[in-house]
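The values are calculated or read from the model by the stated rules, or taken from the named source; none is laboratory data. Quick caveat, the model's predicted, so the values are computed rather than measured. Here the Cβ positions follow ideal geometry from the backbone for every residue, glycine too, while neighbour counts run over all protein chains shown. Keep in mind that these areas ignore ligands, DNA and RNA; they rest on the heavy atoms of the full protein, side chains included. Shrake-Rupley method; radii C 1.70, N 1.55, O 1.52, S 1.80 Å.
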2 protein chains.
Amino acid sequence: MQLSDNFEKIRSLDKEQRHLERVVSALNWDMETYLPPQGVEGRTEQLALLEGIAHQRLTSAETGRLLAELGSSADNPGGDEKLPALERDFLRVMRRRYDKAVKLPSDFVSDSARAEGLSIAAWAQARRDNDFAAFLPHLKTMIGIARKKADYWGFADRLYDGLLDIYEPGMGAAEIGPLFAVLRERLTSLLRDIQDRGAPDTSFLKESFPVEKQKVFFKKLLDYLGFDRQRGRMDASAHPFAATLGANDIRITTRYFKDNLLSGLFSVIHETGHALYEMGFPPELHGTCLAEGASMAIHESQSRLWENVVGRSLPFWKGLFLQLQSSFPQQLALVSVEKFYRAVNEVKPSLIRVDADEVSYGLHIILRFELEQGLISGEIAPEQLPEIWREKIKEYLGIEIDPASPRSDADGVLQDIHWSMGGFGYFPSYLLGNLYSLHFFRKIKSDISGFDDLLGNVYSVAGKNLAPLRNWLRDNIYVWGCRLEPAQLLEKVTGEKLSPDPFLEYLEEKYIRCV
Amino acid sequence: MQLSDNFEKIRSLDKEQRHLERVVSALNWDMETYLPPQGVEGRTEQLALLEGIAHQRLTSAETGRLLAELGSSADNPGGDEKLPALERDFLRVMRRRYDKAVKLPSDFVSDSARAEGLSIAAWAQARRDNDFAAFLPHLKTMIGIARKKADYWGFADRLYDGLLDIYEPGMGAAEIGPLFAVLRERLTSLLRDIQDRGAPDTSFLKESFPVEKQKVFFKKLLDYLGFDRQRGRMDASAHPFAATLGANDIRITTRYFKDNLLSGLFSVIHETGHALYEMGFPPELHGTCLAEGASMAIHESQSRLWENVVGRSLPFWKGLFLQLQSSFPQQLALVSVEKFYRAVNEVKPSLIRVDADEVSYGLHIILRFELEQGLISGEIAPEQLPEIWREKIKEYLGIEIDPASPRSDADGVLQDIHWSMGGFGYFPSYLLGNLYSLHFFRKIKSDISGFDDLLGNVYSVAGKNLAPLRNWLRDNIYVWGCRLEPAQLLEKVTGEKLSPDPFLEYLEEKYIRCV
């Protein structure tokens, strides 16, 4: 009786915690979509207050006492063995959250938050001014904070592992390093091979695609992909994102450029991949800490599966292209689906990570992974960053930048916000997401017979083409929430261990053998 | 030193309280504008949690201790006499908030919140079904809660006074009753006189006004009125409202009907009146409990001043009509400004309060005031409401309704949400707002020479025509926030006491003498 009372209490604490997190999401969503320009300062203060309240409540003595009385400890996070599996998973995740939170002194938390605010602002200004030196002191502060954080949390092998663990539970640099070394080698060589074959015709993408028509088509696309507009919505923002504002309130954003249809279009597909995951958790997990993706990389595996593996495939466009064509008859009437397919898969190394094709994208990540490891270990001095970034981008992507050019650092090491926010350890998730997505996709193709033919059926509003894929993801991935750690999930679903091979074989098949 | 330390502490508690209130506003704003249909339940829970946290923090022992140490008590709410006037006003308002909150037991607060949620849902359903009986048990519960609340708070003369005091500090039924009795008498007779004169030509308003063009014009209108779009925004919702999401984040909504231009247009002006008040508080009050309107009625005086007294005046349209005409040339090319002015001032009693003209509007309010007094005192049984409502609407507005008609109660006593939320005592604010608005307007006309000529100048984007009015309101009304109670504010600004005369003289001048 005592056990089940305590369990009810901790569930209710957790439920309130979810509400607070989702309120924070709502305020952030609004900040990126509709907030009036001068509202930023007030909004920032509201967010800081709510995050403080959430941290204080999570680390309350009550939470610690309940966890202990339910038998959960660092060695046995799942608590009392008599509890059902779902409740043990719940306690394990609660214990993890609680431990991460209580290990950070509250002064450290508020000081870091303040430093982070200043650092983000300094980074934004430095990027505008192409002035790395102006950002340098903040970068040093953020590195110092990250090191301290890893130290508070503890780590397996090196400080950097303590940071990786937030985003990718159970995975350290000793595992990622060799994976990425193989990928670096094979991706650079693949890139050269592909470039030797010449570029596809993309001239028709330079036409003008009116924004109002994009909006109409993107809504159709949402329905086609199976995004439930009763439980979510789509808006516009400078940087596309997905956000969970409630179990039945999952929103995405995209962006609209009249001279770049593909940017918004693939953002819709990418963010829908995230949103379907969030929409797909089983109702019994709703409102609990288990209604989350298994990790950042698993989440990214979903968005990249939809965006690249499915969304840039020929069968997918065989099913949808007529619709796109009828939305943009002037621009696309004379384009064949094969020509469109080749154009959306153009491989062309670019300075900018978020604009990268799926072959060179991984090299951007490997570069960041190598740099951030060095920054945290101290082997790389922050002062050296711009130069090392340029050396590596030349080595991996073959792009040379004049350090004296007016956007040398703005489009170089300063292009990404992550480090200014102290997000060291986040970058690897993107590439790990690619690897997971292909493990899953191989299994999908073997489980769903005639998958390509299904996709290639002529467009239906109900999105029937994609229903088998959605159902598979629901039954195999979404159903777990974060009850399984990434490696367990992969093992459960495919029986495999993480490897670069499925991803590399997919790229070789797509870009070398089948062109 | 101790004094100023304590003062800093209570200011910081209050600041956090403001943030929480504004987060609640943001979530409510989103609920009325963009929330996906199935997100309502989660949002409701988020709001309940935040309101609980805010109530808990406001009523903490710390707040009580700080108020006491600063010398604030029920008898001397402003605290230590050595404190500057601004700080004494601050303590008075804090004391008022604190006392109102601590007097309600926290069980009562959460039980009431739950009952209110159920009651609002039942009301909405009952209105759809024209089924008063289905709402009756909830109405009884809400009356019971309101009585208890007044009892907890205490009251001067009757229970109902305890409720009025939330919306209109310092004003009881003994003062409102005689005012409204005079108004009832003179408004009904005025209404008959106006109706005897025949109706203006409003045929051109039945044209179709495309929504996209309304949007463009309404944005121009916002700029013309002086709404700062750097500090606010306008969206669409079923019921127009204004909301404060931050000191520099004040939003309004309107609605769009292609066959009813005026509904959206006057909503924009009305809500802008509220928004300008909120945007106009002096920076030294920002982030404190003094950055609020003096009362619900004073707030309403601002929206009605802009919507009716200014926005339905001939000089206002002399300044703006050319712009409206050029936005809708097909519909308005042959309409003169005088004809348009007469049409927007058509007096035509209607069943629906929110559609009422400015003469019959007050009679809707008086009717509600009489009913809610009876409900709280027990002189009227809730069962009798539909019938009494119909009797009074016939007596005051001359409209007869068949009790067997399919919307008899939906468009009758069930039309308004207020009582389902327990908002007894709120209705009088609307009519009191009209009274205040004319006291203020008389003073404005005497302070700003050539006011009508200014308004009638040809449209300028900068909204120069209205700058003297905005400046006057800022310097005389906005500047005080809620430092003065309504009666004090009126006295300070006009030297007068509240009277029905300015309002009635305005109506007689406008509808009888000057037509």
Worksheet entry | With at most 14 other Cβ atoms within 10 Å, longest stretch of chain A clear of loop trypsin sites (Lys or Arg not before Pro) (DSSP) | A:259-406
Item to complete: Would you list, by chain and number, the aspartates and glutamates whose Cα falls below 17 Å from the Cα of B:LYS82, excluding same-chain residues fewer than 8 positions away?
Response: B:ASP5, B:GLU8, B:GLU69
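Tell me, what are the semi-axes, in whole angstrom and largest first, of the equivalent ellipsoid of segment B:79-171 as set by the roots of 5 times the Cα gyration tensor eigenvalues?
Numbers: eigenvalues 241, 36, 31 Å².
Square roots of five times the eigenvalues give 35, 13, 13 Å.
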Worksheet item: Between their Cα atoms, which of A:LYS9/B:LYS15; A:LYS206/A:LYS510; A:LYS213/A:LYS258 are more than 19 Å away from each other?
Response: A:LYS9/B:LYS15; A:LYS206/A:LYS510
Worksheet item: Please state the Cα pair-distance histogram of the protein assembly as shown with 10 angstrom bins from zero: what percent is in each bin?
Response: 2, 9, 17, 21, 19, 15, 11, 6, 1, 0
Worksheet entry | Extreme residue, positive dipole direction of segment A:156-279, given options A:ILE252, A:GLY162, A:PHE217 (C-beta unit charges) | A:PHE217
Item to complete: Mind putting a number on the dipole of segment A:1-114 about its Cα centre? Charges go on the C-beta only, +1 for Lys and Arg and -1 for Asp and Glu, and I need it in Debye to the nearest 20.
Response: 180
Worksheet item: Considering only protein heavy atoms and a 1.4 Å probe, what is the carbon-and-sulfur percentage of the accessible area of segment B:173-514?
Response: 50
Discussion item. Please compute the modelled spin-label separation between A:ARG57 and B:ALA68, points set 7 Å along Cα→Cβ, answer in nm with one decimal.
Written reply: 2.9
Worksheet item: What aspartates and glutamates could a cross-link reach from A:LYS220, if we take a straight Cα to Cα line under 18 Å and drop same-chain neighbours fewer than 8 places away?
Response: A:GLU212, A:ASP228, A:ASP235, A:GLU271, A:GLU307
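Excluding ligands, DNA and RNA, what is the solvent-accessible area per residue of the protein assembly as shown at a probe of 1.4 Å, expressed in Å²?
On the way: 42520 Å² over 1030 residues.
Result: 41 Å² of accessible area for each residue.
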Worksheet item: Residues with beta-carbon under 12 Å from that of B:GLN230, excluding B:GLN230: net charge, scoring Lys, Arg +1 and Asp, Glu -1?
Response: 0
Worksheet entry | Residues B:ASP5 and A:HIS239, FRET efficiency given R0 of 45 Å [Cβ-Cβ distance, rounded to 0.05] | 0.55
Response to the item:
Taking r as the C-beta separation of A:ALA199 and A:ASN28 and R0 as 35 Å, the FRET efficiency to the nearest 0.05 is 0.35
Worksheet item: What's the extension gain from B:HIS418 to B:VAL354 if we count 0.36 nm per residue and subtract their Cα-Cα distance?
Response: 21.7 nm
Item to complete: Alpha carbons only, please: Rg and Dmax for chain B, in angstrom.
Response: 23.1, 72
Practice prompt. Taking a probe of 1.4 Å and counting only protein heavy atoms, give the total accessible area buried between chains B and A in Å², rounded to the nearest 100.
Written response: 2700
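Based on the Cβ-Cβ distance of B:GLN488 and B:CYS514, what FRET efficiency does E = 1/(1 + (r/R0)^6) give at R0 = 30 Å, to the nearest 0.05? Walk me through the numbers on the way to the answer.
Values: r = 33 Å, r/R0 = 1.12.
Efficiency for this residue pair is about 0.35.
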Worksheet entry | DSSP bridge orientation in chain B - percent antiparallel, rounded to nearest 5 | 50
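Residue by residue through B:247-258, how many Cβ atoms from other chains fall within 10 Å of the Cβ on average? Before the final figure, lay out the partial values.
Numbers: counts 5, 9, 12, 2, 4, 0, 0, 0, 0, 0, 0, 0.
For this peptide, the per-residue mean of nearby foreign Cβ atoms is 3.
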Worksheet item: How crowded by other chains is B:29-37, given as the mean number of beta carbons from other chains within 10 Å of each beta carbon?
Response: 5
Worksheet entry | Selection from A:GLY287, A:ALA243, A:LEU265, by position along the positive dipole direction of segment A:231-296 (Cβ) | A:LEU265
Item to complete: For n ≥ 4 DSSP H runs only, could you compute -39500 (n - 2.57) per run for chain B, divide by its residues and tell me the 222 nm figure to the nearest 500?
Response: -19500 deg cm²/dmol
Discussion item. Quick check: pseudo-label points 7 Å beyond the Cα along Cα→Cβ at A:ARG97 and A:LEU118, how many nm apart are they?
Written reply: 3.1
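Could you give the size of the charge dipole of segment B:173-514 about its Cα centre, using +1 on the Cβ of each K and R and -1 on the Cβ of each D and E, expressed in debye and rounded to the nearest 20? Walk me through the intermediate numbers first.
Numbers: 38 positive and 46 negative charges, 255 e Å.
Here segment B:173-514 has a charge dipole of around 1220 debye.
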Worksheet, complete the sentence: Highest mean packing first, using Cβ neighbours within 10 angstrom, the peptides A:265-274, B:44-53 sort as A:265-274, B:44-53
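Mind putting a number on the dipole of the protein assembly as shown about its Cα centre? Charges go on the C-beta only, +1 for Lys and Arg and -1 for Asp and Glu, and I need it in Debye to the nearest 20. Don't skip to the end; give the middle numbers.
Numbers: 124 positive and 148 negative charges, 306 e Å.
Around 1460 debye, computed over the protein assembly as shown.
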Worksheet item: Roughly what % of DSSP beta bridges within the protein assembly as shown run antiparallel, to the nearest 5?
Response: 50
Discussion item. Under the convention of a label 7 Å out along Cα→Cβ, give the distances in nm from B:ALA181 to the same position in every other copy, shortest first.
Written reply: 9.6
Practice prompt. Distances from B:ASP355 to the same position in the other copies: list them in nm, one decimal, shortest first, using label points 7 Å from Cα along Cα→Cβ.
Written response: 5.6
Discussion item. Compute accessible area for segment B:39-75 by itself and then with all protein chains, 1.4 Å probe, and report residues whose area falls by 40 Å² or more.
Written reply: B:GLU45, B:GLN46, B:LEU49, B:ILE53
Worksheet entry | Inter-probe distance in nm under a simple model that places probes 7 Å from Cα toward Cβ, at B:ASP223 and B:SER499 | 4.3
Practice prompt. Please identify which residues in segment B:103-124 have an amide N closer than 13 Å to a label point set 7 Å out from the Cα of B:ASP411, following the Cα→Cβ vector.
Written response: none
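Quantify how strongly other chains surround peptide A:19-27 by giving the mean number of their Cβ atoms within 10 Å of each of its Cβ atoms. Write down the numbers at each step before the final one.
Values: counts 8, 4, 1, 6, 9, 1, 0, 9, 6.
Averaged over the peptide's residues, the number is 5.
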Discussion item. Could you tell me which residue out of B:LEU191, B:SER420, B:ALA74 lies farthest along the dipole of chain B toward its positive end? Charges go on the beta carbon: Lys and Arg +1, Asp and Glu -1, centred on the Cα centre.
Written reply: B:LEU191
Discussion item. Label position 7 Å from Cα toward Cβ: report the copy-to-copy distances for A:GLU379 in nm, one decimal, ordered from shortest.
Written reply: 8.7
